[in-house]
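The values are calculated or read from the model by the stated rules, or taken from the named source; none is laboratory data. Since the structure is predicted, the reported quantities are computational estimates derived from the model, not experimental observations. Please note: Cβ atoms are built from the backbone with ideal geometry, for glycine as well, and neighbour counts cover all protein chains shown. Just the protein is used for accessible areas: all its heavy atoms, side chains included, with ligands, DNA and RNA removed. Shrake-Rupley method; radii C 1.70, N 1.55, O 1.52, S 1.80 Å.
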Amino acid sequence: MESYGGILKDKREEKGLDFETISRETSITSSYLRALEEENASAFPGEPYLVGFLRNYAEYLGLDSQRLIQLYHAKTLQESPVPDGLIVRSRPKFLVPLICVLVLLFVAGGTVLAVWLVKKNSEKNATLASLEKDFQSKKYELTEKTLAGRFYKGDQFVLTTGSGEVILTVANTINDMGLETPVGVQHIELSEELEIDVDGDSNPELIAYVSDVSTEKNDRGVEARIMLKNAANAAVGETKASEIPSIEDLPQNQKRTVILEDVRAYPFSVRADFRAGCLFRYRLDRKDAVEDYLSNGDTVNMTASNGVRLWISNGNTVKLQVIAASKTIDLGVTKPGEVIVQDIRWIKDTDGKYKLVVNEID
């Protein structure tokens, strides 16, 4: 008798596929794939799971799933022990016909069960397809307001430009967010903030950030936020020289570290990446302070025209980076449990140059 496990294995090896690749593309764990090829039914929590996975695996490899399911049931029947009551030395004349009838009934029942399982699995797949279709039907308008939420494969974003509307489509939500644009697919990885040029003019129109993405399933979607770059820039005013303090007007006993100097001052950004929980508060220029409890994996991006003040309940949990003049300056972390209060701001030195400094506040 043909072996359904052997057929699966031969086809997989013929295609040059490994269990990890198949698992990622079918959402069937490698242990179940291996158990199907080894015909190890005890590895599954129940027959419906085995039959369902067998059907999906066979169809993925381009095999006749119904034929492999029949081979599985035939193997099950062949390995089923004969009831003790039928094993007797002296068999009545009617016993053989009775056994044949029972076997036929058992086979018929198994066939009916297989058909029922296939039908139920088809209904389940249809339901999932319907849900996925609902996800794909969503369309979002990109405006000056930041768009944040969970997005799914097939979702679309509409960007209005001077030459008309541009449609961006979510092409992938496994391992990263794949965003299909008129000039190709842009990939935004977990915890990455990426500037996106959608029309190939070398001027990014969007900023996208991914905060959560699955490594296995598209139907989990991706948690992200998307905003227009000009909106991000508009949120930051011009750096006014009249509002920048002179070094002579600042307390002389403050610990001050110069991280950048230039002949002019301009807006800069601060990125905070969190590797553990802490209370975090910041104030940009003269705006109101923003406070939140952040945990591992969270990221906060701040852009200021003159300066930003930071309060951190545990400096060891946060990695700070300053981005200015196309440079990225890593400020690192401090000692565990240390409370940090500091200003990152422009000051004007006695030589007439502007310096971006980190001021430690007592």
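Every test in (1) open to solvent by less than 50 Å² (accessible area, probe 1.4 Å); (2) more than 23 Å from ILE207 (Cβ to Cβ); (3) in contact with a Ser or Thr (Cβ under 7 Å, 6 or more places away or on another chain) is passed by TYR266 save one, and that test is (2).
Hey, can you tell me all the residues within region 134-149 that are surrounded by fewer than 14 Cβ atoms within 10 Å (Cβ to Cβ) and part of a strand (DSSP E or B)?
Initial filter on region 134-149 (surrounded by fewer than 14 Cβ atoms within 10 Å (Cβ to Cβ)): 134, 137, 139, 141, 143-145, 148-149.
Matches in region 134-149: LYS139, GLU141, ALA148, GLY149.
Given the structure, is PHE94 at pLDDT below 75 and not acidic (Asp, Glu)? Spell out the reasoning first.
Details: at pLDDT below 75: yes; not acidic (Asp, Glu): yes.
Answer is yes for this residue.
In a residue-by-residue description of region 45-63, the property of being closer than 17 Å to ALA114 by Cα and of a type in the set (Val, Ile, Thr) applies to at least one position.
For region 57-72, a residue qualifies if it is outside any helix (DSSP H, G or I) and either hydrophobic (A, V, I, L, M, F, W, C) or touching a strand residue (DSSP E or B) at 6+ places or on another chain (Cβ under 6 Å) (or both), and exactly one does: LEU63.
Taking each residue of region 286-312 that is under 19 Å from MET227 (Cα atoms) and looking for partners that are of a type in the set (Lys, Arg) with beta-carbon atoms closer than 7 Å, six or more apart or interchain, yields THR299/ARG271; ASN301/ARG271.
Report the residue count in region 67-91 for those that are modelled with pLDDT under 80 and under 30 Å from GLU2 (Cβ atoms). It would help to see each step written out before you state the result.
Just the residues of region 67-91 that are modelled with pLDDT under 80, to begin with: 78-91.
With under 30 Å from GLU2 (Cβ atoms) added as a condition, the list becomes 78-83, 86-87.
Adding up the residues that qualify gives 8.
Report yes if SER130 is at pLDDT below 65, open to solvent by 50 Å² or more (accessible area, probe 1.4 Å) and not in a helix (DSSP H, G or I), otherwise no. No; evaluated as a whole, the condition is false for this residue. Residues in region 156-173 include at least one that is without any contact (Cβ under 8 Å) to a residue 40 or more places away in the chain, of a type in the set (Ser, Thr, Tyr) and not in a strand (DSSP E or B). Please count how many residues of region 195-211 are of a type in the set (Asp, Glu), surrounded by 14 or more Cβ atoms within 10 Å (Cβ to Cβ) and either in contact with a helix residue (DSSP H, G or I) (Cβ under 7 Å, 6 or more places away or on another chain) or modelled with pLDDT of 80 or more (or both). Qualifying residue count for the region: 2. Scanning region 30-56 for residues that are modelled with pLDDT of 90 or more, of a type outside the set (D, E, K, R) and not in a helix (DSSP H, G or I) yields one hit, ASN40.
Is region 235-247 home to any residue that is of a type in the set (Ser, Thr, Tyr), open to solvent by 80 Å² or more (accessible area, probe 1.4 Å) and out of contact with any Pro (no Cβ under 9 Å at 6 or more places or on another chain)? Within region 235-247, one or more residues are of a type in the set (Ser, Thr, Tyr), open to solvent by 80 Å² or more (accessible area, probe 1.4 Å) and out of contact with any Pro (no Cβ under 9 Å at 6 or more places or on another chain).
Is it the case that ALA276 is in contact with a Leu (Cβ under 6 Å, 6 or more places away or on another chain) and of a type in the set (Gly, Ala, Ser)? Answer is no for this residue. Scanning region 152-185 for residues being farther than 14 Å from ALA224 by Cα and buried (at least 19 other Cβ atoms within 10 Å of the Cβ) gives a total of 3. The residues in region 216-250 that are at pLDDT 75 or above, under 23 Å from LEU206 (Cβ atoms), of a type outside the set (Lys, Arg) and not in a helix (DSSP H, G or I) can be counted, and the count is 7.
Being crowded, with 19+ Cβ neighbours inside 10 Å and over 17 Å from GLY6 (Cβ atoms), is that true of even one residue in region 43-50? No, region 43-50 contains no residue that is crowded, with 19+ Cβ neighbours inside 10 Å and over 17 Å from GLY6 (Cβ atoms).
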